[in-house]
Amino acid sequence: MQARLAKRVKLLHLNDFSEYYNILVNDKTGHELEYLCSLISTNVTSFFRESKQWEFWKNNLSTMMEKKNNKLRIWSAACSTGEEPYSIAMFLEENAPNSDIKILATDVSPRVLKEASGGVYSEKAVGSLGNIYLNTYFHKVHHNENSVYTIDEKIKRHIVFRGFNLVTGNYDIFKEKKFDIIFCRNVMIYFDKPTQAALVQKFYNMLQPDGYLFIGSSEALTDIKTGFKSRSASIYQKV
Ligand SMILES: C[S@@+](CC[C@H](N)C(=O)[O-])C[C@H]1O[C@@H](n2cnc3c(N)ncnc32)[C@H](O)[C@@H]1O
């Protein structure tokens, strides 16, 4: 965090962090605070990240769809630039076509949400996707010297993007909502244990019976008391 902030201090020609602090608290527009959030958060993501989880889901999808009457409600709770929710939507289009799918995709950073809802990706970002996915769910557009790939409307229509802070957000807005699956991957690692425990309990309450929680492979619920049962690496089920 120090290294990232030091760059900003240098760029603004300030002498030290306290001068930066003064700029932050006096900026009534909130733009510098927003910039700070983007600066200190890690947004690394990719399409179909954590390949083992997708295998598990594929193996269990038909049973799940039967139980849920082909209707799934999914929350991608730290969606970054959108690769995670778009992967979910493509996976379901491919493996459970004509199902009733709604995906809520949230993140604390307005910058990544803007990118996510735009749905435009570089050649590098889509590099790991096979031609079948690229040809079916993207449009290749020539942009200056390069090509970019835009997500097709048949994928986008399943997803709603919103701002939400997992730690300080007001969970009352979810009162009416129950999810079948919550993806909260590679973000809890940044929170302390009590915050993680409180969050996991909220997820538990927000899931349907038998609902799944997918977390990142470097995260685990081992020290957290929960009603979840481990089903596979980094996949938990509400029992
Ligand atoms: C490393 S990315 C993970 C993206 C995706 N879930 C994945 O696994 O590829 C972490 C994301 O968490 C978001 N984030 C950090 N703190 C958050 C918070 N308190 N509430 C919501 N999102 C947060 C960041 O903005 C970032 O986009």
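Okay, residues lined up against (1) under 22 Å from GLY30 (Cα atoms); (2) under 13 Å from the mean Cα position of the chain (by Cα):
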residue: GLU83; (1), (2): no, yes
residue: SER87; (1), (2): no, yes
residue: LEU92; (1), (2): no, no
residue: ALA96; (1), (2): no, no
residue: LYS102; (1), (2): no, no
residue: SER109; (1), (2): yes, yes
residue: GLU115; (1), (2): yes, yes
residue: VAL120; (1), (2): no, no
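Say we look at region 91-103 and pick out the residues that are part of a strand (DSSP E or B) and either at pLDDT below 95 or away from the ligand (no atom under 16 Å from the Cβ) (or both); which of these is most open to solvent (accessible area, probe 1.4 Å)?
Result: LYS102.
Tell me yes or no: at least one residue of region 5-23 is assigned to a helix (DSSP H, G or I), within 16 Å of the ligand (Cβ to nearest atom) and under 26 Å from the mean Cα position of the chain (by Cα).
No, region 5-23 contains no residue that is assigned to a helix (DSSP H, G or I), within 16 Å of the ligand (Cβ to nearest atom) and under 26 Å from the mean Cα position of the chain (by Cα).
Condition (residue is open to solvent by 50 Å² or more (accessible area, probe 1.4 Å) and within 11 Å of the ligand (Cβ to nearest atom)) applied to region 83-90: is it met by at least one residue?
Within region 83-90, none of the residues are open to solvent by 50 Å² or more (accessible area, probe 1.4 Å) and within 11 Å of the ligand (Cβ to nearest atom).
May I ask you to list pairs of residues, at least six apart or on different chains, whose Cβ atoms are under 7 Å apart, with the first in region 114-143 being in a helix (DSSP H, G or I) and the second being aromatic (Phe, Trp, Tyr) and open to solvent by 20 Å² or more (accessible area, probe 1.4 Å)?
ALA116/PHE161; SER117/PHE161; LEU134/TYR149
Mind checking which residues of region 1-51 are farther than 24 Å from ALA116 by Cα and either of a type in the set (Lys, Arg) or touching a His at 6+ places or on another chain (Cβ under 9 Å) (or both)?
The answer is LYS7, ARG8, LYS10, LYS28.
In this structure, does LEU221 turn out to be under 19 Å from the mean Cα position of the chain (by Cα) and in a strand (DSSP E or B)?
No; evaluated as a whole, the condition is false for this residue.
Could you list, in sequence order, all residues of region 104-127 that are within 13 Å of the ligand (Cβ to nearest atom) and touching a Lys or Arg at 6+ places or on another chain (Cβ under 9 Å)?
LEU104, ALA105, THR106, ASP107, LEU113
Can you confirm whether region 45-65 contains a residue that is away from the ligand (no atom under 16 Å from the Cβ), at negative phi, open to solvent by less than 20 Å² (accessible area, probe 1.4 Å) and β-branched (Val, Ile, Thr)?
no
Please name all residue pairs, on different chains or six or more residues apart, with Cβ atoms under 7 Å, provided the first residue is in region 163-192 and is over 30 Å from ASN60 (Cα atoms) and the second residue is open to solvent by less than 30 Å² (accessible area, probe 1.4 Å) and hydroxyl-bearing (Ser, Thr, Tyr).
Cβ pairs passing all conditions: GLY163/THR106.
Residues being over 23 Å from ASN60 (Cβ atoms) and either surrounded by 16 or more Cβ atoms within 10 Å (Cβ to Cβ) or at pLDDT 95 or above (or both): count how many of those fall in region 210-239.
The qualifying residues number 1.
Please tell me if VAL25 is open to solvent by less than 40 Å² (accessible area, probe 1.4 Å), aliphatic (A, V, I, L, M) and free of Cβ contacts under 8 Å to residues at least 12 places away in the same chain.
So VAL25 fails the test.
Tally up the residues in region 66-82 that are charged (D, E, K, R) and either outside any helix (DSSP H, G or I) or surrounded by 15 or more Cβ atoms within 10 Å (Cβ to Cβ) (or both), please.
Count: 3.
Give just the number: which of (1) touching a Leu at 6+ places or on another chain (Cβ under 7 Å); (2) surrounded by fewer than 16 Cβ atoms within 10 Å (Cβ to Cβ) does ILE40 not satisfy?
Failing condition for ILE40: (1).
The values are calculated or read from the model by the stated rules, or taken from the named source; none is laboratory data. Keep in mind that this is a model prediction, so the values were computed, not measured. Note that each Cβ is placed from the backbone with ideal geometry, even for glycine, and that neighbours are counted across all protein chains shown. What goes into the accessible areas is simple: the full protein's heavy atoms, side chains included, and nothing from ligands, DNA or RNA. Shrake-Rupley method; radii C 1.70, N 1.55, O 1.52, S 1.80 Å.
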